[in-house]
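Structure, as structure tokens:
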Amino acid sequence: MTHDHDLVLRPTAAQTEAALDPPPGRNGGDLVVETLTGLGATTVFGLPGQHALGMFDALRRSDLAYIGLRVENNAGFAADAYGRITGEAAPLLLSTGPGALTSLAALQEAAAASAPVLAISSQIPSAGLGGGRHGYLHELPDQQASFRGVVKSVHTVRTQSQIPSAIAEAWESALTAPHGPVWVEIPQDVLLAETSLPVVTAADAAPHDLPPRPELTAVAADLLSKAARPAIIAGGGVVRSDASGKLRRLAERLNAPVVTTFGGKGAFPWNHPLSLQSWLEDRHTTDFLEDADVLLVVGSGLGELSSNYYTFRPRGRVIQIEADLGKLESNHPALGIHADARLALSALLETVPVREDAEAADRVRTVLDLVRERIDSQELTLEQRVLAAVREALPDRSASFWDMTILAYWAWSAFDARRPNTMHSAQGAGGLGYAFPAAIGGAVADPTHPVLAVSGDGGALYSIAELATARQHNLDVTWLIVDDGGYGILREYMTDAFGQSTATELSRPDYVALAESFGVPGVRTTPDTLADDLAKSLATPGPSVVVLPALLRMFAPTHLD
């Protein structure tokens, strides 16, 4: 009788021959790219640096496609988007010290959004490790310490023989729910030294499943089946686990209204009779959710934005399904189920009976009518016209990437993503500069559809250099820049709080002329012509820039009432 743990993978004849007689001229960097290829990677992002040259030299001996960006942080955003779109671990190759540290903001966003990024950085030579001050270029006393509080796991390599296992462990960590960024660092001399180790031909790093405990799903199913007013909050975990179909079937079986968080856009059909859409920053929605006697929260930690800035106070029983153990019951007491959203929803679908409720859709319509009345009373027609123009121009299957800008804040609540995993923003960590480099990663991940990036003029200057990347690789990315002459949302916040704004006004370039200097066509548009100009740019292959001079305003918040 053979047990699973007795099974041994036997090498093929070709693998045995390659192992016994590895080709000459390989170094530690080859072990890196061979391992990535063996794990199934096809594309890497990054930016070379002195200590990392062994990895980059090895790229030319591999079949990996390399997308080089101009700033490490932007390379991290591109890898983040590639991971979100494909669901695969996105390799990010970085150099030591300043290069590594420059990626931190992007890795924080990947962590907040549970994007699988496999960051592989060089280190100073082995002789300099250990915390002494040896004076090596880029030296840090403990480089990995800078990343430990940001990434999901840290993996340190000391010898060439450790490279395949360390990268495989990191790969598995990145792709085990909850997904997230991971960190591997390898000393310069280990990368540069010639190696006689066999060619890495395959690597086993299958992510672990995270199933729910059956006794917990049994209790959850019982609570939901007996609920008089159930409701569902669907977060990004539903999108990441590809569970939107199961969510819809459960909601329809329960006749339970569904609201999606900003990270969960597209997880539930926007115009479904049970859809409360994404109006979480609205007191009418908050009141409705508070009134639910059983609230099912799937793939969300109910953080600041998802809880209407912590004003949400549920009065009924809460069931929370969450893959990130740290988020489980972190904001509200609940029946906490530590599980992947897809597996937990599957378990509930097996036992939850059909629940009749002829009034559920009417209650949803009442809430949405109240939301519209509130927005319409604020004379925000320009903002709604602009957002509608973007929706009209954007093909349904195209991904969009949104920076931290007023139009994105509108989109979180009011934009119909139409399909899961097509709308992405930097609302996890909230840093500027995400949209355009992320759109580059999105275009690499799916070159069959045009991709849209949306930025304000302030955020655009964080990533303007990546116009060169988009042109170099001829990526099908259209960049909409809403130019209001400053940090628009901060201008509003400061004016509301202090009566005037400080440090928010910006001198900026002619974005159309600047784009054209990169060889990227640009056009200046108006709210009236935006839909046509944007649609034309999206339909034209290659990168393009559309600039909309406009002063947009946010709708009034309700959490301050």
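The values are calculated or read from the model by the stated rules, or taken from the named source; none is laboratory data. Predicted model only: the values in this text are computed from it and were never measured. All Cβ positions, even for glycine, are placed from backbone atoms using ideal geometry, and neighbour counts span all protein chains on display. Note: accessible area is taken over every heavy atom of the protein model, side chains too, but ligands, DNA and RNA are not part of it. Shrake-Rupley method; radii C 1.70, N 1.55, O 1.52, S 1.80 Å.
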Can you tell me which of SER126, SER114 is closer than 21 Å to GLY87 by Cβ and polar (S, T, N, Q)? SER114
Within the range 119-165, the count of residues that are in contact with a helix residue (DSSP H, G or I) (Cβ under 7 Å, 6 or more places away or on another chain) and more than 29 Å from LEU39 (Cβ to Cβ) comes to 4
Residue pairs meeting the criteria (Cβ under 6 Å; at least 6 apart or on separate chains; first touching a residue at least 60 places away in the same chain (Cβ under 8 Å), in the range 356-367; second surrounded by 17 or more Cβ atoms within 10 Å (Cβ to Cβ) and part of a helix (DSSP H, G or I)): VAL367/HIS284; VAL367/PHE288
Quick check, is ILE337 among the β-branched types (Val, Ile, Thr), surrounded by 21 or more Cβ atoms within 10 Å (Cβ to Cβ), in contact (Cβ under 8 Å) with a residue 40 or more places away in the chain and closer than 30 Å to ASP209 by Cβ? yes
Note on ALA206: of the conditions (1) of a type in the set (A, V, I, L, M, F, W, C); (2) part of a loop (DSSP other than H, G, I, E, B); (3) within 30 Å of GLU169 (Cβ to Cβ); (4) in contact with a helix residue (DSSP H, G or I) (Cβ under 6 Å, 6 or more places away or on another chain), unmet is (4)
So, in the range 200-214, of the ones that are open to solvent by 30 Å² or more (accessible area, probe 1.4 Å), at pLDDT below 95 and not acidic (Asp, Glu), which residue ends up nearest to PRO24 (Cα to Cα)? THR201
Of all residues in the range 486-502 being in contact (Cβ under 8 Å) with a residue 40 or more places away in the chain and either in contact with a strand residue (DSSP E or B) (Cβ under 7 Å, 6 or more places away or on another chain) or of a type outside the set (Val, Ile, Thr) (or both), the one that is surrounded by the fewest Cβ atoms within 10 Å (Cβ to Cβ): GLU492
Could you tell me which numbered condition GLU505 fails, if it satisfies all but one of (1) without any contact (Cβ under 8 Å) to a residue 60 or more places away in the chain; (2) open to solvent by less than 60 Å² (accessible area, probe 1.4 Å); (3) out of contact with any helix residue (DSSP H, G or I) (no Cβ under 6 Å at 6 or more places or on another chain); (4) more than 26 Å from ALA468 (Cβ to Cβ)? (2)
Condition first: within 32 Å of the chain's Cα centre (by Cα) and part of a helix (DSSP H, G or I). Can you find one or more residues in the range 177-189 that meet it? yes
Every residue in the range 105-151 that is free of Cβ contacts under 8 Å to residues at least 60 places away in the same chain, of a type in the set (A, V, I, L, M, F, W, C) and not in a helix (DSSP H, G or I), please. LEU129, LEU140, VAL150, VAL151
Look through the range 311-334, keep the residues that are open to solvent by 20 Å² or more (accessible area, probe 1.4 Å) and in contact (Cβ under 8 Å) with a residue 40 or more places away in the chain, and return whichever of them is nearest to GLU215 (Cα to Cα). ARG317
Could you run through the range 227-268 and say how many residues are of a type in the set (D, E, K, R) and buried (at least 24 other Cβ atoms within 10 Å of the Cβ)? 2
Which one of these is open to solvent by 30 Å² or more (accessible area, probe 1.4 Å) and in a helix (DSSP H, G or I): ARG397, ARG363, ARG418? ARG363
In contact with a strand residue (DSSP E or B) (Cβ under 9 Å, 6 or more places away or on another chain) and either open to solvent by 20 Å² or more (accessible area, probe 1.4 Å) or part of a helix (DSSP H, G or I) (or both): does that describe LEU345? yes
Checking GLN378 against (1) in contact with a Phe, Trp or Tyr (Cβ under 7 Å, 6 or more places away or on another chain); (2) open to solvent by 10 Å² or more (accessible area, probe 1.4 Å); (3) assigned to a helix (DSSP H, G or I): exactly one of these is not met. Which one? (3)
Do you know which of the residues in the range 424-433 that are more than 15 Å from ILE406 (Cβ to Cβ) and either aromatic (Phe, Trp, Tyr) or open to solvent by 10 Å² or more (accessible area, probe 1.4 Å) (or both) is modelled with the highest pLDDT? HIS424
Conditions (1) closer than 21 Å to LEU289 by Cα; (2) within 31 Å of the chain's Cα centre (by Cα): number failed by VAL386: (1)
Would you mind telling me which numbered condition in (1) open to solvent by 50 Å² or more (accessible area, probe 1.4 Å); (2) farther than 21 Å from PRO207 by Cβ; (3) at pLDDT 90 or above ALA127 fails? (3)
Within the range 250-267, track down each residue that is in a helix (DSSP H, G or I), closer than 18 Å to LEU223 by Cβ and touching a residue at least 60 places away in the same chain (Cβ under 8 Å). LEU250, ARG253, LEU254
Selection status of ARG148, of a type in the set (Lys, Arg) and out of contact with any Pro (no Cβ under 8 Å at 6 or more places or on another chain): yes
Every residue from the range 209-239 that is out of contact with any Asp or Glu (no Cβ under 9 Å at 6 or more places or on another chain) and not in a helix (DSSP H, G or I): ARG213, ILE232, ILE233, ALA234
If I filter the range 277-294 for residues that are among the aliphatic types (A, V, I, L, M), in contact (Cβ under 8 Å) with a residue 24 or more places away in the chain, within 29 Å of ARG84 (Cβ to Cβ) and not in a helix (DSSP H, G or I), do I get at least one hit? yes
Quick one: in the range 188-199, of everything that is in contact with a Lys or Arg (Cβ under 9 Å, 6 or more places away or on another chain) and open to solvent by 70 Å² or more (accessible area, probe 1.4 Å), which residue is farthest from THR96 (Cα to Cα)? SER196
